[in-house]
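Report on one structure; see the data block that follows.
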Amino acid sequence: MDADSVECPFCGEPGEVYADYDESLPGEQIFVQDCAVCCRPWTVRVHVTAEGELSIAVDRS
């Protein structure tokens, strides 16, 4: 699974994070995005480590 590929916490369908986030900025970036399949909102958390490693998590909003 790619770093920006996620599973919808509502319908379970695969999806992608489409919002802009800065991969060069260490820390956590939080925003809301709707599922492209079921249209329900996700809270998206993008975490970038000081070494530049990226992780993305989605939760129900």
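This model, with +1 at the C-beta of Lys and Arg and -1 at the C-beta of Asp and Glu, gives segment 5-60 a dipole about its Cα centre of some 280 debye.
Sort segment 5-60 into rounded, prolate or oblate with this rule: let a ≥ b ≥ c be the square roots of the eigenvalues of the Cα gyration tensor; rounded if a/c is under 1.5, and if a/c is not under 1.5, prolate when a/b is larger than b/c, oblate otherwise. Prolate, because a/c is 1.5 or more and a/b exceeds b/c.
Where a number appears in this text, it was derived from the coordinates with a stated rule and is not lab data. Only a predicted model underlies this, so the values are computations on that prediction, with no experimental measurement involved. Note that we place each Cβ from the backbone using ideal geometry, even for glycine, and neighbour counts take in every protein chain shown.
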